[in-house]
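Participant: Below is a structure I'd like to ask you about.
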Amino acid sequence: MKIETVNLAPDLKICRIINGMWQVAGGHGYITPQNAIPAMTSYHDAGLTSWDMADIYGPAEEFFGKFRHDLEQSGSDLSNLVGLTKFVPNPGPMSKNLVQRAIKNSILRMNISKLDLVQFHWWDYDDPSYLDALRHLTALHDEGKVLHIGLTNFDTRRMQIMLDEGFEPVSNQIQYSLIDQRPQVEMESFCKKNNIKLLTYGTLGGGLVSERFLGAPEPTQADLDTYSLQKYKNMVDAWGGWSLFQKLLSTLDKIAKKHQTKIANVATRFILDKPEVAGVIIGARLGLSDHIEQNKETFSLKLDSDDHHMITEITTQANDLYDIIGDCGSEYR
Ligand SMILES: NC(=O)c1ccc[n+]([C@@H]2O[C@H](COP(=O)([O-])OP(=O)(O)OC[C@H]3O[C@@H](n4cnc5c(N)ncnc54)[C@H](OP(=O)(O)O)[C@@H]3O)[C@@H](O)[C@H]2O)c1
């Protein structure tokens, strides 16, 4: 199976399915380094060699650093290994020292000489210090500590301000799924115009978008055993509720059966086919569950116009999440 890759920048090639590491930060079952790090090898050996993490994802960067060290020791080829991390500072003034220290810590934890991509998150738009942080990140890029600067959960309005100030982020990481199609309203055209790529999360709704929930009675929050499932069940509620979601799952199941694949593959392919989307991040509960071979099937799936028509028939019945929540990332503010 050929792994789809894409250049996020001329010198940064990533897999179009990226392994997400939020799941190691807690609330997704008991994940230990003893189980997680060997599990990372299975992804790597299967060709899924790009990882998404953050300075705030518990031990994620350390797991990556240990994994990278083990690969190095075993003489493995590291050229395809990509670690995308995030800088998620607490609100407040952004001094050069603070930003330098945060990046240095990520470099040390990840056991790497420079960070491939630092995706910057900011909690409070009323505080314009995010522009200071970007200035310091740019200086670290110029010094060779950061290969590229990306963003996460920024809206188009703030991205325009950044571009006006001369910053050139290569990507924005946002929620994008069959349920949450807010990026279509403004973000996609903005990114196209400014050559910025999208990396997406929530594409599988934490696992809601799968056979496991097809025909299932509506779960309560207590029934849902991961933070991720709980988070995206709230999105389903805002989008149109459980009965409309069941209609969507049933349609996806029909499409999946037609192509001899699974619901998750249809959902992932639908987002990967969006022109500005560089990659879909799929959360990995390392050592607890494993969908590697199934997710690789997405690369050989082609959706046709009938499939798109069937999906649109359902999604057009849903509420407008842009109206309810706002542009991308507004759910964090
Ligand atoms: N920037 C941000 O603010 C932000 C926010 C959230 C997430 N993220 C990033 O995105 C990543 C993705 O996390 P997410 O919370 O959005 O979760 P997600 O990717 O929507 O869901 C992941 C879950 O889907 C299930 N799954 C995966 N492949 C499957 C398949 N082929 N068939 C059936 N089920 C499958 C697994 O559940 P089981 O393990 O139960 O089988 C897995 O744990 C995170 O790790 C993180 O890197 C970023």
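The values are calculated or read from the model by the stated rules, or taken from the named source; none is laboratory data. Being a predicted model, the structure only gives us computed values, none of them experimental. Here the Cβ is made from the backbone with ideal geometry for all residues, glycine too, and neighbour counts use every protein chain on show. Each accessible area value is taken on the protein alone, full model and side chains, heavy atoms only, with ligands, DNA and RNA left out. Shrake-Rupley method; radii C 1.70, N 1.55, O 1.52, S 1.80 Å.
Participant: Take the residues in segment 103-136 that are of a type in the set (A, V, I, L, M, F, W, C), open to solvent by 20 Å² or more (accessible area, probe 1.4 Å) and touching a strand residue (DSSP E or B) at 6+ places or on another chain (Cβ under 9 Å), then tell me which one is nearest to Gly329 (Cα to Cα).
Facilitator: If we take residues in segment 103-136 being of a type in the set (A, V, I, L, M, F, W, C), open to solvent by 20 Å² or more (accessible area, probe 1.4 Å) and touching a strand residue (DSSP E or B) at 6+ places or on another chain (Cβ under 9 Å), then Ile107 is nearest to Gly329 (Cα to Cα).
Participant: Of all residues in segment 212-239 being in a helix (DSSP H, G or I) and hydroxyl-bearing (Ser, Thr, Tyr), which is surrounded by the fewest Cβ atoms within 10 Å (Cβ to Cβ)?
Facilitator: Tyr227
Participant: Residue check, Ala222 against (1) touching a strand residue (DSSP E or B) at 6+ places or on another chain (Cβ under 8 Å); (2) more than 10 Å from the ligand (Cβ to nearest atom); (3) over 19 Å from Leu8 (Cα atoms), all met but one. Which one?
Facilitator: Result: Ala222 passes all but (1).
Participant: Which condition from (1) out of contact with any Leu (no Cβ under 9 Å at 6 or more places or on another chain); (2) within 8 Å of the ligand (Cβ to nearest atom) is the one that Gly283 breaks?
Facilitator: Against the list (1) out of contact with any Leu (no Cβ under 9 Å at 6 or more places or on another chain); (2) within 8 Å of the ligand (Cβ to nearest atom), Gly283 comes up short only on (1).
Participant: So, His148, is that one open to solvent by less than 40 Å² (accessible area, probe 1.4 Å) and not small (Gly, Ala, Ser) or not?
Facilitator: In short, yes.
Participant: Pairs under 7 Å by beta carbon, first residue closer than 13 Å to Phe120 by Cβ and within 16 Å of the ligand (Cβ to nearest atom) in segment 78-103, partner of a type in the set (Gly, Ala, Ser) and open to solvent by less than 90 Å² (accessible area, probe 1.4 Å), six or more apart or different chains?
Facilitator: Leu84/Ser50; Thr85/Ala54; Thr85/Ser106; Lys86/Ala54; Phe87/Ala102; Val88/Ala54; Pro89/Ala102; Pro89/Ala133
Participant: A follow-up question, please. Of all residues in segment 254-269, which are open to solvent by 10 Å² or more (accessible area, probe 1.4 Å) and either modelled with pLDDT under 95 or away from the ligand (no atom under 13 Å from the Cβ) (or both)?
Facilitator: Lys254, Lys257, Lys258, His259, Gln260
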